[in-house]
Each structure stands twice: as C-alpha cells, then as structure tokens.
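This report concerns only the one structure given below.
The values are calculated or read from the model by the stated rules, or taken from the named source; none is laboratory data. Fair warning: this is a prediction, and the values are worked out from it, not measured in the lab. Methodologically, a virtual Cβ is constructed for each residue, glycine included, from the backbone with ideal geometry; neighbour enumeration extends over all protein chains shown.
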Amino acid sequence: MQRRRTIAAAPRRTATEVWATICSLIGDTLERSSSINRAHVDTALAPLGQLARMLISAGHLENHPLVLVADDLWLEISTASGVEALTMDENLNPVPGGGTATDWTLHVPQVEPMAKLAQATAAGQAHLSADEPVEQTQSSASAATGVDVEALAAWARERA
C-alpha cells in the first residue's frame with residue numbers, strides 16, 4: 001500500500017522541528033502494530049537526526065523522499081518549503097497500513113554531497129538503510145494479501 005506525506009519545512013518549521021514531526025509521524029504509524037514498540041522506533045531513528053536535519057535544510061527531501069517500508073506499507077515522506085510550506089494543508093495523522101507491520105526499514109536517500117554520510121549513518125542499524133527501497137512485486141503482494149492476482153486476471157479474461 002503506497003502512501004505519501006509531505007511535511008512543511010522552512011519558513012514554517014526549522015529543520016529540527018521538521019525532523020521531530022517526521023519522527024512523530026513514523027512512530028504514530030508504527031506504534032499501531034502490536035509487534036512494534038514505539039520506544040524502539042524512537043531509539044532506531046535517533047542516529048539519523050543530524051543527517052536528516054542536513055537533508056531537510058538543504059531541501060533534498062523535497063525531491064528525494066525518505067521511504068518507510070513496513071511489510072505492505074510503503075510511505076514516502078517528503079518536505080515542502082517556501083510558499084508551498086506556508087499554504088499547504090498537512091496530514092500528520094498516522095498512516096493506514098502500519099497496524100499490521102511486523103518489521104520496518106526507513107530508507108534514506110543518497111544525495112550528494114551527503115551520500116557517504118547516509119551510508120555511514122545507516123551502516124549497522126537494523127532499521128535504517130541507504131539502499132534504494134525495493135518495491136514489492138505483484139506476486140509477493142498476492143501472497144501478503146491472500147489474493148491470487150494471476151487467477152483473478154485469468155478469470156477476468158474468461159469473462160471478457
């Protein structure tokens with residue numbers, strides 16, 4: 001389930017406030033799962049703080065979002081600045097789909113000149129990655145939802 005959230009940055013919020021808002025959004029979304037502990041989410045995101053504030057203040061998250069992958073949930077988190085930040089309506093509610101998650105990874109974009117810092121920050125962190133997230137294939141989505149997409153397509157062809 002692909003979702004997107006855009007967080008208002010400067011001049012509405014400082015980079016530190018934006019990062020706190022993003023952490024809250026991720027924590028609020030994942031804590032709905034009985035398998036994920038909010039305190040562990042907060043602890044796992046902590047090493048990313050400095051890099052995240054740099055990505056936010058440089059405007060990188062406007063075009064290169066953070067991507068939260070939690071089982072079937074795919075959440076792209078970007079920022080907006082300038083006039084858009086002042087005029088946009090934000091949705092900071094927990095994102096649907098996090099309640100069934102059993103594991104999660106936050107993918108950090110590798111943008112220059114901070115690509116090596118992104119790799120170093122994510123290295124050895126169980127829930128952080130500097131790798132490109134891999135979209136779920138249709139067959140794995142079928143297995144996750146219990147729907148046989150291929151059989152459904154064949155049935156539709158027979159009826160056409």
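Below are the figures for this structure:
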{"quantity": "Any helices (runs of 4 or more DSSP H) falling wholly within region 95-160 and containing at least 3 residues that are touching a Leu at 6+ places or on another chain (Cβ under 6 Å) and at pLDDT 65 or above", "calculated": "115-122"}
{"quantity": "Residue among Leu45, Leu61, Leu25 that is out of contact with any Asp or Glu (no Cβ under 8 Å at 6 or more places or on another chain) and over 13 Å from Thr6 (Cβ atoms)", "calculated": "Leu45"}
{"quantity": "Where Cys23 falls short, out of the listed (1) more than 12 Å from the chain's Cα centre (by Cα); (2) assigned to a helix (DSSP H, G or I); (3) surrounded by fewer than 20 Cβ atoms within 10 Å (Cβ to Cβ)", "calculated": "(1)"}
{"quantity": "Residue within region 4-11 that is outside any helix (DSSP H, G or I), in contact with a strand residue (DSSP E or B) (Cβ under 6 Å, 6 or more places away or on another chain), loosely packed, with under 15 Cβ neighbours inside 10 Å and in contact (Cβ under 8 Å) with a residue 24 or more places away in the chain present", "calculated": "yes"}
{"quantity": "Index of the failed condition, Gly59 passing every other in (1) in contact with a strand residue (DSSP E or B) (Cβ under 8 Å, 6 or more places away or on another chain); (2) among the small types (Gly, Ala, Ser); (3) over 16 Å from Glu17 (Cβ atoms); (4) at pLDDT 95 or above", "calculated": "(3)"}
{"quantity": "Every pair of residues 6+ apart whose Cβ atoms lie under 8 Å, when the first sits in region 46-62 and is assigned to a loop (DSSP other than H, G, I, E, B) while the second is at pLDDT 95 or above and buried (at least 16 other Cβ atoms within 10 Å of the Cβ)", "calculated": "Gly59/Ala9; Gly59/Thr79; Gly59/Ser81"}
{"quantity": "Hits in region 76-127 - residues which are surrounded by fewer than 16 Cβ atoms within 10 Å (Cβ to Cβ), under 20 Å from Ser35 (Cα atoms) and either without any contact (Cβ under 8 Å) to a residue 60 or more places away in the chain or not polar (S, T, N, Q) (or both)", "calculated": "Pro96, Asp103, Ala126"}
